[in-house]
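Asker: After the structure tokens below, expect a handful of questions from me.
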Amino acid sequence: MDNVSIVEFDNTKFPFHLTKDDEFMEALISTEIALARYNQLLEQMKNLPSNLLNLFLTPLEKKEAQITSKIEGTVTSLQELYDYDITNKDDNKGTNKEVNQYTEAIKYAQKQIDSGHPLNEKLLREIHQELLTSVRGKDKSPGNYKKFQNYIQNSKLGHYKPCDPVDLPIEMEKLFKIIKRVDIESQSKNPQLIDDIPGIGTLNNPEEEKIKEKNILINIAMIHAQFESIHPFDDGNGRIGRMLITLLLWKFKKIAMPNFYISSYLEDEKTKDKYFSALRGVDTKKDWKNWYLFFFKAVKSASEKNHELAVGLRDLHTKTLDDLSDLIPSTSNHDKKDKRKITLNFLFEKPNFPASEYYLGEIGSMGRKYLKRLEEKKIITEIMPAKGSAPAQYVFEAFFKLIK
């Protein structure tokens, strides 16, 4: 990087003082409202039977894994991811496994936190190890902080030198002290009302006051920006950083389950560029306000999209069950299994499937006949005919049109 201007990590920008003007508060409040509406839906879904709940959440999880990986240059489709679940079919780079590993990592985090494990540096490194297990990046010290200096190169924004490995322990300790404080406050029986958000502090005693911000969204935005600025790992920092947003929203009780997918807002190139630009603005100009306004817009948009998609999946589930009522009996005199619900669940769990996966499974000997009925009613579409010993391949098109 000779003769190239490089912006270096600045440990004086965090924590910080911020003046909350009308523009800031309007953006924050509208974001809180959108997030609360999405959480209300999560609270309702939380009471569903686990198998039904998974039917609705798995598509959301896969979509986040797909997009957050795409942001880092790993590209696959949702159909390929679902196909991978059945066939383990992958390219020579292991793309589908790499994307799938994101969902495994966040599930691991949820399991650990549910069992009482604190969200601390140890767990963060374990999540990182899970993310890079047996995929690209497995040679980048999974589960360990970087030992050598890394750089972020961007042709549009210029180059950036993250935190020096020597300073990494103290910077990560500082970051997790903020996380621990916010976590303790979020468990309070008297959560703060949105119209009772205090200022970060006065300039009379800024060092004492400016780390006492109470609002959870502000803290999460600050934590995410600082994590990305530190860039503690050799690889996987972007995905881990965005995963942290979901985990912190859940841990701090802003959402009932760790199912929030901010990458849905970052999917197109222009918005992705704005995301990186807003983060870089914190590093180069200490422009926290622009980062906050971007973050609030991202959380608001993601809340609305997540809500819309979850409701859409619920409605599609109801409609498909109604469509199946004329095609498949629920039970019969000799078989008490509900073939209709078995089929419905199958379509949502495996919306891209070989015929044999259906008729050799729980559905039994009537499976071939049911598939023909489903195809005639255009509930499923054949995308590859049977050839030799290979069965036909079908897709549940309404499902993929919804989550595309």
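Asker: Tell me which residues, restricted to segment 44-79, are of a type in the set (Gly, Ala, Ser) and crowded, with 18+ Cβ neighbours inside 10 Å.
Answerer: Passing the criteria: Ala65, Ser69.
Asker: Please find, among Gln79, Gln66, Gln40, Gln44, the residue that is touching a strand residue (DSSP E or B) at 6+ places or on another chain (Cβ under 7 Å) and more than 30 Å from Ile170 (Cβ to Cβ).
Answerer: One residue alone meets the criteria, Gln79.
Asker: Let me ask something else about it. Where in segment 114-231 are there helices (runs of 4 or more DSSP H), lying wholly inside it, with at least 1 residues that are at pLDDT below 90, within 25 Å of Lys285 (Cβ to Cβ) and more than 23 Å from the chain's Cα centre (by Cα)?
Answerer: In segment 114-231, 206-209 are the helices (runs of 4 or more DSSP H) which contain 1 or more residues that are at pLDDT below 90, within 25 Å of Lys285 (Cβ to Cβ) and more than 23 Å from the chain's Cα centre (by Cα).
Every residue, every condition in (1) of a type in the set (Ser, Thr, Tyr); (2) farther than 30 Å from Lys251 by Cα; (3) open to solvent by 60 Å² or more (accessible area, probe 1.4 Å); (4) touching a residue at least 60 places away in the same chain (Cβ under 8 Å), yes or no:
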site: Leu81; (1), (2), (3), (4): no, no, no, no
site: Lys89; (1), (2), (3), (4): no, yes, yes, no
site: Asn120; (1), (2), (3), (4): no, no, no, yes
site: Glu126; (1), (2), (3), (4): no, no, no, no
site: Gly158; (1), (2), (3), (4): no, yes, no, yes
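Asker: If you check Ile262, Ile245, which single one turns out to be in contact with a helix residue (DSSP H, G or I) (Cβ under 8 Å, 6 or more places away or on another chain), β-branched (Val, Ile, Thr) and modelled with pLDDT under 95?
Answerer: That would be Ile262, the only listed residue that is in contact with a helix residue (DSSP H, G or I) (Cβ under 8 Å, 6 or more places away or on another chain), β-branched (Val, Ile, Thr) and modelled with pLDDT under 95.
Asker: Still on this structure, I have one more. Filter segment 92-117 down to the residues that are surrounded by fewer than 16 Cβ atoms within 10 Å (Cβ to Cβ) and farther than 24 Å from Asp234 by Cα and list them by number.
Answerer: Of everything in segment 92-117, those that are surrounded by fewer than 16 Cβ atoms within 10 Å (Cβ to Cβ) and farther than 24 Å from Asp234 by Cα turn out to be Lys111, Asp114, Ser115, Gly116, His117.
Asker: Let me ask something else about it. Take segment 246-297 and flag every residue that is within 23 Å of Thr76 (Cα to Cα) and of a type in the set (Ser, Thr, Tyr).
Answerer: Those that are within 23 Å of Thr76 (Cα to Cα) and of a type in the set (Ser, Thr, Tyr): Thr246, Tyr261, Ser263, Ser264, Tyr265, Thr271, Tyr275.
The values are calculated or read from the model by the stated rules, or taken from the named source; none is laboratory data. No experiment lies behind these values; they were computed from the predicted model shown. Glycine gets a Cβ as well: all are built from the backbone with ideal geometry, and neighbour counts include every protein chain shown. These accessible areas exclude ligands, DNA and RNA; they are computed on the full protein's heavy atoms, side chains included. Shrake-Rupley method; radii C 1.70, N 1.55, O 1.52, S 1.80 Å.
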